[in-house]
Amino acid sequence: MSLNQTNISNITNSSISVIELYWNLVAKADKKFSKIRDLPYYQRTRYDTYFYKVFKVYTQLWKFQQENRQKLVEAGLKRWEIGEIASRIGQLYFGQYMRTSEASYLSESYIFYEAILTREYFKEGLYQDINLASKQMRFLARFLTVCLVLNRREVVYQLVNQLKMLLDECKRTFQETDFKEWKLVIQEIVKFLKADTAFMNMMPLRYSVVLDLQPNSLPHVDAPRKLKLRDALLCSYHPNEVKFSELTLDTFRMLQCLEWEPSGLFYQTNTDASSGNGTNANQNGNPGSNRVNQDITDPTLAPNPRKAVLYRPSVTHFLAVLGTVCEELAPDGILLIYLSASGSSAHTLSSPSRAVHSIGYSDNIVRGFQFHSINSESTFAHPTSSGCDNADHHSGQSADCLHIGARGNGGTNCIYPCDLLPFTRRPLFLIIDSDSSKAFKAISGPEKGERVAMLLSPATSLPIPAIDSTRQPSGSSFTSFLTAPLQSFILLLGFTGSDIEMDMYNKAEKLLYSSLNQWGLSLAASDNLDPVWAQILSDPFLRRLLLRFVFCRAVLSLYVPSSSKIEFIPECVPCLPDVVSPTSATCQESVLQLADIIGARDKFIFSQETKLPED
């Protein structure tokens, strides 16, 4: 265990009994934990002292119970009480990860939770005490969240099965207890896993130095300054969308996309972790060195951008968080704002790219797992153009908005383009995934100091042929293109993962990454690249998002069902050079080659000059 070690031998040598001292430490730890439990993940600097103090007391408590385990057990200490301490420490580490995005905290959380699982701290008396059974279910749900974010899918499925079996046994044992909420929790995670299929995770969503361009080899761009992605605010809300706890499928994918894949070790199978023996524990029950910690911490990689994830916040809370993050933004930093929400159009609720199956229950039970409760007409460009135009900055601003909560409450759950204008005093990279996304073009021009870079989704999403009505939707198609472009391309064409041979997939993947890198070089060398894009092109995360947008726009502009239909084409503000427009030879040739590999050339419309390169 890598908690900071604190010497408390002078305390144990005092006249106070071991038992009394132990329970004093427990009471002190509980008191401090209760103070930080509901602190928000933003306002990081303000609460550093609080987290330092609570970590310190849990360090003392954990070390003390290790050194005095025999005496404490003889005095009546139960195994579940030890498990409760370890679970709290796991929660603290996950909270630190959510506050800082430092991967080491995430791996430490995994280590503690895995130790609880393998040592079965809550097993004794599990089916005699409903409170103990509830502790075990809450622990499994928390561990599920950590494993999802850590992308340890084998362990996720193992935990889901354990949670199902535990619930079934509890329903038989405690017949008078209502377990409806736990049944719905299981339904939620099962739907999440069905939507986020293995095919969508064939390759890491995180930035991989094995697959993606090496950060130190990004092309040089002439720009007055070079901005780095330091912070991201991720917010998604659609009625009845697929989610687990307060992590929706769209925000989950963006969360993954804005982190480093540790040393490309996604491809290495961690047999210890998947078998449940990944933690090397000593006889005192101290989780020791673990491969997961070695995998995810790579000193050669830059820190992950910090991320604030909000689910269904009030507008005032959203703006408060946004203001706080802007206040904390580093001088050389740029803030990414990702908003995925339904707009003012009536058709959004039945959009084929969204989850439409309601599980109909209160989120109260899952909010305690890991995530804090937040509660608390324009002129469009022709699709074959470069994707932007001189927008009417005043059209639709009073009506076009994003709904980040239930409708029918006036404007209390609506985010309008003008709401973001005060924050344009800092550099912003805006991704809007909504049927009302184009309304946010109104921001371009009236900024308060910094011009905004914007990627705007199509107003309408195409149906995904590979996903019929009997299967779960796979989230927003626009967000999917930004986070898993090749998989999204294949699904758009009506194929599933089982239709694609690995050799074919690998060939297509190699071609796509080569095309993206070539487009990046073309943008960097362009004489008319807007300074808004030039200043972010050296950041690996933002560069990758921008190039995937170029790919998405080209595909949808050339695809037969969406060709010449502006409502299906994404846009960017400001304009990108014509060298990466859908009409450019380089974009059309790349899409043609990809379609040829997949066997779907007839599903696209190319210019007569576009030919496959000769071998």
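The values are calculated or read from the model by the stated rules, or taken from the named source; none is laboratory data. Not measured: the values here are computed from a predicted model. Positions of Cβ are backbone-derived with ideal geometry, glycine not excepted, and every protein chain shown enters the neighbour counts. Areas reflect the complete protein model, heavy atoms only, side chains present, ligands, DNA and RNA absent. Shrake-Rupley method; radii C 1.70, N 1.55, O 1.52, S 1.80 Å.
Taking the criterion of being of a type outside the set (Val, Ile, Thr) and out of contact with any Gly (no Cβ under 8 Å at 6 or more places or on another chain), the residues of region 215-232 that qualify are Pro215, Asn216, Ser217, His220, Asp222, Ala223, Pro224, Arg225, Lys226, Ala232. When each of Ala585, Ala524 is tested for being surrounded by fewer than 22 Cβ atoms within 10 Å (Cβ to Cβ) and in contact with an Asp or Glu (Cβ under 8 Å, 6 or more places away or on another chain), the lone residue that passes is Ala585. Can you confirm whether region 146-159 contains a residue that is under 28 Å from Gly497 (Cβ atoms) and among the acidic types (Asp, Glu)? Checked against the condition, which is being under 28 Å from Gly497 (Cβ atoms) and among the acidic types (Asp, Glu), region 146-159 yields at least one hit.
Of the residues Phe143, Phe174, Phe139, Phe179, the single one that is out of contact with any Ser or Thr (no Cβ under 6 Å at 6 or more places or on another chain) and within 18 Å of Ser87 (Cβ to Cβ) is Phe143. In the set Gly76, Gly95, Gly125, only one residue is touching a His at 6+ places or on another chain (Cβ under 9 Å), surrounded by fewer than 23 Cβ atoms within 10 Å (Cβ to Cβ) and not acidic (Asp, Glu); that residue is Gly95. All of (1) assigned to a helix (DSSP H, G or I); (2) out of contact with any Leu (no Cβ under 6 Å at 6 or more places or on another chain) hold for Leu159 with one exception: (2). Scanning region 167-204 for residues that are in a helix (DSSP H, G or I), open to solvent by 10 Å² or more (accessible area, probe 1.4 Å) and hydrophobic (A, V, I, L, M, F, W, C) yields Trp182, Leu184, Ile186, Val190, Leu193, Phe199.
Residue check: Gly599 meets all listed conditions (1) touching a Pro at 6+ places or on another chain (Cβ under 8 Å); (2) modelled with pLDDT under 95 but one, namely (1).
To keep it simple, each residue is scored yes or no on (1) at pLDDT 95 or above; (2) part of a helix (DSSP H, G or I).
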site: Gly276; (1), (2): no, no
site: Asn284; (1), (2): no, no
site: Pro299; (1), (2): no, no
site: Tyr338; (1), (2): yes, no
site: Thr348; (1), (2): no, yes
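With respect to Leu126, determine if the residue is more than 29 Å from Leu39 (Cα to Cα) and touching a Leu at 6+ places or on another chain (Cβ under 6 Å). Show your work before the answer.
Details: more than 29 Å from Leu39 (Cα to Cα): yes; touching a Leu at 6+ places or on another chain (Cβ under 6 Å): yes.
So Leu126 fits the description; yes.
Note on region 510-534: residues that are aromatic (Phe, Trp, Tyr) and in contact with a Pro (Cβ under 6 Å, 6 or more places away or on another chain) total 0. Of Pro473, Pro458, all but one fail to be buried (at least 19 other Cβ atoms within 10 Å of the Cβ), part of a loop (DSSP other than H, G, I, E, B) and at pLDDT 95 or above; the exception is Pro458. Residues of region 590-608 include none that is β-branched (Val, Ile, Thr), touching a helix residue (DSSP H, G or I) at 6+ places or on another chain (Cβ under 7 Å), outside any helix (DSSP H, G or I) and crowded, with 17+ Cβ neighbours inside 10 Å. Here region 220-235 is the region considered, the condition is being open to solvent by less than 20 Å² (accessible area, probe 1.4 Å) and under 20 Å from Arg544 (Cβ atoms), and the residue that is nearest to the chain's Cα centre (by Cα) is Leu234.
Residues Ser515, Ser562: which one is buried (at least 19 other Cβ atoms within 10 Å of the Cβ), part of a helix (DSSP H, G or I) and small (Gly, Ala, Ser)?
Ser515
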